[in-house]
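Asker: One structure, pasted below without further comment.
The values are calculated or read from the model by the stated rules, or taken from the named source; none is laboratory data. Please read these numbers as outputs of a predicted model, since none were measured by experiment. Please note: Cβ atoms are built from the backbone with ideal geometry, for glycine as well, and neighbour counts cover all protein chains shown.
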Amino acid sequence: MTLKKMIAALAGYVGARLLGAGLGLLTQVMNGGTADRPADAVAESYALLGANHQITLGYDACELRAKVHASSMDAAVQLLAASAIRPRFVADDFQRTRARWLQLTHGGPGAQGANQRALIFGGREHPYGYTRPPQGYREGLRLEDIAALHAVLFDPARVTLVVVGDVRPD
């Protein structure tokens, strides 16, 4: 069975510049664990369930997903909810995560091409029609900026839970 929580993240909901820079960093922060568990403890909890999990982002959504046996569904939903609602916003962790994220996103031609395609096909008025903010702007993102973006994007009105597979316990 696969559980997927999709979070609408269209630029029309928040400033395009913050969204363009912040969504990738927010996803990295969310992969760092929950408020009460670091990433390795979250991974161990999923492993004890026999589950795998993933947090990804796209132009229009952040997805938190877990593939798990139906008998462990409730526990997996709790783990997904903790990752979505209470990510680990810890200053030291954030500094390391941001530094690693900046290295990964530093001006590669593939990333720039994807942003340009979205701008060309969507136009500036379309939620996808933004250009990647300059490196200086991305370097200036603070933990408070990412926490504020999280608060806007992870409003319960934007969350959709998708369950695929047989959900009857054995």
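Asker: Looking only at the range 46-57, which residues are touching a strand residue (DSSP E or B) at 6+ places or on another chain (Cβ under 7 Å) and in a helix (DSSP H, G or I)?
Answerer: Across the range 46-57, the qualifying residue is only 46.
Asker: Restricting to the range 66-81, what's the tally of residues that are crowded, with 19+ Cβ neighbours inside 10 Å and either closer than 12 Å to residue 33 by Cα or among the charged types (D, E, K, R) (or both)?
Answerer: 2
Asker: In the range 82-93, which residues are surrounded by fewer than 15 Cβ atoms within 10 Å (Cβ to Cβ) and in contact (Cβ under 8 Å) with a residue 24 or more places away in the chain?
Answerer: 85, 91
Asker: Taking helices (runs of 4 or more DSSP H) that do not extend beyond the range 69-160, which have at least 1 residues that are at pLDDT below 80, more than 16 Å from the chain's Cα centre (by Cα) and β-branched (Val, Ile, Thr)?
Answerer: 109-122
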